[in-house]
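Asks: First, the structure itself, so that you have it in front of you.
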Amino acid sequence: ADKSPHSLLQTLFQSPDDGWQVYTSAQAPDGKCLCTAVIPVQGTCSRDLRSRQLRQLMEKVQNISQSMEVLDLRTYRDLQYVRNTESLMKALDSRLKVATDSQKSLNTKSFQELKDKMTELLPLIPVLDQYKADTKMIVQLKEEVRNVSGSLLAIQEEMGAYDYEELQQRVLVLEARLHACMQKLGCGKLTGVSNPITIRASGSRFGSWMTDTMAPSADSRVWYMDGYYKGRRVLEFRTLNDFVTGQNFVQHLLPHPWAGTGHVVFNGSLYYNKYQSNIAVKYHFRSRSVLVQRSLTSAGYNNTFPYSWGGFSDIDFMVDENGLWAVYTTNQNAGNIVVSKVDPQTLEILRSWDTGYPKRSAGESFMICGTLYVTNSHLAGAKIYFAYYTNTSSYEYTDIPFHNQYSHISMLDYNPRERVLYTWNNGHQVVYNVTLFHVIKTSGEL
């Protein structure tokens, strides 16, 4: 198998028969396929308006079909896991009943341990029910796509014999249902991080690189910012392959220099911390201008409250499935990490949480599905050690290992579009796939 960095992240398959390019992410160690995107080959000739409309509709159906194959596979594998756990739970339940009937033969400690283990497994019942429901829904969606595909094949035989508006409406409905399904299946609790995939070795020891967290799948531009302070030069590469080879890029010169490495690109704009200030800046790439800047009140800056590696990393911007966040701290919070939800248009803080975790003790951090995950170090031997849940304002200590291959992480960010972690590790640009497990509420909803 081809093990070059770009092929591990995005493998290109092209079929000359149907004119499609299919991109798929690298697989996690357990074999799960984490994301896929299908786009039409550019420059395809269209004989007339109707054939162009037909091609567009077929492209949409193909996109839905490919995405649902991924959902089908993921749901099936997760369902097998849950089914296996269900049998374990039933066995434990049986043991608990026996223990309840003859408590005298048990000491208090062993009985309590049995009860605690049983309590931990109880949430798996609604998990199983939810996966069964999701499986039925995916089967139904696949059947509907098959029906639409059959109609399209008939149109190919008799051009003009079908109502395009009605067909397009059916496709739009399917797309909406698929999007809702993917949103439902997509979010969850972090349970594992894959081995690192080194994309490129370039730049200094510290820096930041990223793709847009909210862009069409066809937009694969990469942004590159070397250094951690007083920098103004942002390189924009056309594709990931161009980034790997270091070609086909344009340069943006920011009007204000940056501090730290906690930058993020979101919906066409760069969000970053202005050097020697607690001011957040929103720079729009297309217009090459600052759209808005605003002070994060009381936020520390200039190495007052950095991560453990220093580097003016006081203010860290992030994007997850829920939108834009800022992670920083203040004197009022005694140096503990503050998580703030930020309005991407105005940079106003909408709500804040005090996590209670000292920022200077954190190696790096990132947001997934409204949860802040914190590493205990930026050096070799680091692990994801702490999680703060904004939806419940609660926290827990975790033990999620990941391989810190180059022993000095100065940037770590999650991209919800690709469901990967982007890392700058001692002059190496690295990605990790993540494994998420669905968090079930007591109502049985995701």
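Only the coordinates and a few stated rules stand behind these numbers; no lab work does. This one's a predicted model, so the numbers in the text were calculated from it and none came from an experiment. Cβ atoms come from the backbone with ideal geometry, glycine included; neighbour counts cover every protein chain shown.
Asks: Identify the trypsin sites (Lys or Arg not before Pro) of segment 208-314 meeting these criteria: DSSP loop state and at most 10 other C-beta atoms within 10 Å of the C-beta.
Replies: When the trypsin sites (Lys or Arg not before Pro) of segment 208-314 are filtered for loop state and at most 10 Cβ neighbours within 10 Å, Arg286 remain.
Asks: How long is the gain from Leu128 to Asn267 if the chain were fully straight, where each residue apart is worth 0.36 nm and the alpha carbon distance is subtracted?
Replies: Taking 0.36 nm per residue and subtracting the Cα distance, the gain is 46.4 nm.
Asks: Which cross-chain or sequence-distant (5 or more) residues have an amide H under 5 Å from the amide H of Gln276, H modelled 1.01 Å from N in plane?
Replies: The list, which skips near neighbours in sequence, is Asn302.
Asks: Report ³J(HN,Hα) in whole Hz for each residue of segment 304-315, in order, from the Karplus equation J = 6.51 cos²θ - 1.76 cosθ + 1.60 where θ = phi - 60°; Gly and Pro get x.
Replies: 6, 9, x, 5, 4, 7, x, x, 6, 8, 5, 10
Asks: Now for a separate question. Given the pairs Lys97/Lys189; Lys274/Lys341; Lys109/Lys359; Lys189/Lys282, which are separated by over 27 angstrom at their Cα positions?
Replies: Violating the 27 Å limit, Cα to Cα: Lys97/Lys189; Lys109/Lys359; Lys189/Lys282.
Asks: For segment 280-297, what does the Karplus curve 6.51 cos²θ - 1.76 cosθ + 1.60, with θ = phi - 60°, yield as ³J(HN,Hα) per residue in whole Hz, taken in order and with x for Gly and Pro?
Replies: 8, 10, 10, 10, 8, 5, 5, 8, 6, 8, 7, 7, 7, 9, 8, 6, 8, 3
Asks: Additional query: Could you compute the FRET efficiency for Gln112 and Gln80, with r as their C-beta to C-beta distance and R0 at 30 Å, rounded to 0.05?
Replies: According to the calculation, E is roughly 0.40.
Asks: How large is ³J(HN,Hα), in whole Hz, for each residue of segment 206-213 in order, when computed from phi with the Karplus curve 6.51 cos²θ - 1.76 cosθ + 1.60 and θ = phi - 60°, using x for Gly and Pro?
Replies: Running phi through 6.51 cos²θ - 1.76 cosθ + 1.60 with θ = phi - 60° gives 10, x, 8, 8, 5, 10, 5, 7 Hz.
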